Amino acid sequence: MSNFKQIFKDKKITVIGLGLLGRASGDTAFFAEYGADLIVTDLKTSEQLKDSLKKLEKYKNIKYVLGEHRLEDFRGRDFILKTAGVPIDSLYIQEAEKNNIPVEMSAELLVRHSGLPTVAVTGTRGKSTVTHLISHILKSANKKIILGGNVRGVSNLQLLKEVQGKDFLVLELDSWQLQGFGAKKISPNVSVFTTFFPDHMNYYKGSMEKYFADKANIFKFQHKKDLLVVGSQAMPFVSEWGGEIKSEVVTPEGVLPEGWKFNLPGAHNEYNAMLAVEVARHLGIPDEKIKKALNDFESLSGRLQFLREVNGIKIYNDNSSTTPDATIAALKAVGDITERKVILVFGGDNKFLYMSALISEIPKFCSKVILFKERGTDLIRDKVFELNKKGVEVYEEEGLENTIKRAFQVAKSGETILYSPAFSSFGKYFTNEYDRGDQFVKIVESLK
């Protein structure tokens with residue numbers, strides 16, 4: 001294990017983007033603990049960031065520049081720590097690069113300093129389920145792993161303290177985190193590319209190729225002895241835009257072996273399971289242990305998670321579905337076109353994604369739709385209300401509590417309430433996606 005005090009003591013580090021999720025504050029605390037000279041800068045104010053700042057108040061080697069960024073903080077530094085979501089064309093990152101200052105990201109720092117074999121998963125949909133399933137299979141086979149990357153509340157740099165005696169690093173990586181891998185020209189030893197659909201088009205300015213270019217860093221710098229597992233839906237994009245791939249490439253069947261069961265509903269989850277199975281087999285885990293692990297794996301919070309049944313009405317939390325493709329997959333998983341017993345609750349802030357395919361799928365599965373009023377929802381409101389002509393009752397409510405209570409009010413015994421937003425969470429109601437999910441669970445727990 002590295003001597004972190006020797007590596008980071010007195011290093012001049014600027015952290016751009018403290019944020020509210022707890023990851024960056026944990027990373028900053030790691031550097032502070034090992035004696036770095038830190039500047040933390042964020043466009044949010046100290047009031048907005050009070051929870052994150054509270055976690056760092058004991059460290060005296062941090063200077064804060066809040067409510068603004070200054071070009072001077074990106075000059076004369078040893079490196080910049082860029083957190084996820086910093087704009088792709090950030091003037092401040094350009095300033096650092098112009099001055100030959102390295103730009104780092106926490107996930108790639110974790111990989112480089114841990115020295116562990118790394119298994120990583122990306123993709124528009126399915127990456128969380130596949131990552132946690134791989135982790136579950138490995139743990140079931142008595143492997144010692146570290147789970148990190150795009151995991152709620154987990155600081156990647158704090159995980160460096162735990163690498164001693166571990167077998168594998170298992171990471172979920174979003175497109176932003178993979179920018180750091182591209183900058184350092186590294187890729188994980190075993191990589192999984194689940195699916196590739198339009199998403200984050202507001203960030204990538206409508207370019208699927210730019211979005212793919214960040215995702216592709218998961219395999220772009222792999223070596224001959226490495227492995228890339230690609231889902232069949234993503235494979236055409238990898239073939240067209242992926243360039244020359246040096247590693248072994250496997251595209252598994254989307255169906256489990258006969259007699260195997262995965263403990264999550266939907267064809268998309270069986271697809272996810274097969275990607276994890278391929279990785280586990282490559283790592284030498286026997287089939288009997290994989291099969292057992294699939295059978296006792298539980299759904300993740302906010303990912304087609306069955307919450308409870310009230311008065312004969314089943315309620316599912318699919319809060320993490322922030323694209324129309326994800327919501328379509330959820331409808332197919334819990335719905336039945338012969339019965340139309342789903343009450344879909346959706347809506348949120350705009351991500352500049354096309355919603356026409358979702359709107360056309362709704363009448364196949366849904367008896368009712370409850371729209372959550374927000375900026376993105378407003379753009380499709382009229383088209384959704386036209387579904388009245390196809391026998392779908394459509395309602396609209398302001399605020400999450402009113403929306404969910406209306407869904408419960410109009411639901412009948414035997415129907416299913418599916419909360420699958422298809423839009424992002426930002427706007428006037430939520431701090432982030434996690435806050436939205438937490439609020440939803442709390443409201444459902446109060447239903448009688």
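The values are calculated or read from the model by the stated rules, or taken from the named source; none is laboratory data. Here the structure is a predicted model, which is why all the values come from computation and not from measurement. When we count neighbours, we look across all protein chains shown, and the Cβ atoms used for this are built from the backbone with ideal geometry, even at glycine. Just so you know, the surface numbers come from the protein's heavy atoms only, side chains and all, with ligands and any DNA or RNA stripped out. Shrake-Rupley method; radii C 1.70, N 1.55, O 1.52, S 1.80 Å.
General observations
- For the residues Phe193, Phe297, Phe219, a GNM of the chain with alpha-carbon springs under 10 Å puts the largest fluctuation on Phe297.
- Bins of 5 Å from zero: percent of alpha-carbon pairs in segment 315-392: 3, 15, 29, 29, 17, 5, 1
- Accessible solvent surface per residue of segment 36-96, calculated while the other protein chains remain in place, 1.4 angstrom probe, Å²: 54 Å²
- Every helix of 4 or more DSSP H residues in the chain counts as -39500 (n - 2.57), and over all residues that averages to -10500 deg cm²/dmol at 222 nm.
- Accessible surface for segment 313-352, divided over its residues, is 31 Å² per residue with a 1.4 Å probe.
- Contact order relative to length of segment 329-448, as percent, for alpha carbon pairs under 8 angstrom and 6 or more apart: 32 percent
- q = 0.09, 0.17 Å⁻¹: log10 I(q)/I(0) that the Debye formula gives for segment 225-378, counting C-alpha atoms only: -0.39, -1.13
- Accessible surface of the chain [probe 1.4 Å, protein heavy atoms]: carbon and sulfur percent: 48 percent
- Cross-link pairs exceeding 19 Å in C-alpha to C-alpha distance, out of Lys9/Lys60; Lys144/Lys184; Lys58/Lys82, comprise Lys144/Lys184; Lys58/Lys82.
- Rounded to 5, the percent of DSSP beta bridges in the chain classed as antiparallel: 10 percent
- Of the two radii for segment 103-169, the radius of gyration is 0.95 times the Kirkwood radius, both from the alpha carbons; that is the Rg over Rh value.
- Distance violations [Cα-Cα > 30 Å] among Lys127/Lys314; Lys98/Lys224; Lys12/Lys428; Lys332/Lys390; Lys314/Lys364; Lys55/Lys210: Lys98/Lys224; Lys12/Lys428; Lys55/Lys210
- GluC sites (Glu not before Pro) within segment 56-160, DSSP loop, no more than 13 other Cβ atoms inside 10 Å: Glu57, Glu68
- Simple rule: put +1 on each Lys or Arg Cβ and -1 on each Asp or Glu Cβ in the chain, find the dipole, and look at Leu110, Phe426, Gly126; the Cα lying farthest toward the positive end is Leu110.
- Angle between the chain longest axis and helix 287-296 axis [Cα atoms, degrees, rounded to 10]: 60 degrees
- Three-way shape label, segment 372-424, alpha-carbon gyration tensor, a/c 1.5: oblate
- Segment 1-126: C-alpha gyration tensor shape, a/c 1.5 cut-off, then a/b vs b/c: rounded
- Using a probe of 1.4 Å on the protein chains alone, the accessible area found for Glu248 is around 100 Å².
- For the pair Lys224 and Lys144 in one chain, pulling the backbone fully straight at 0.36 nm per residue adds 26.2 nm over the alpha carbon distance.
- Against the main long axis of the alpha-carbon atoms of the chain, helix 23-33 sits at an angle near 20°.
- Accessible surface, segment 163-296, averaged per residue in Å² (probe 1.4 Å): 44 Å²
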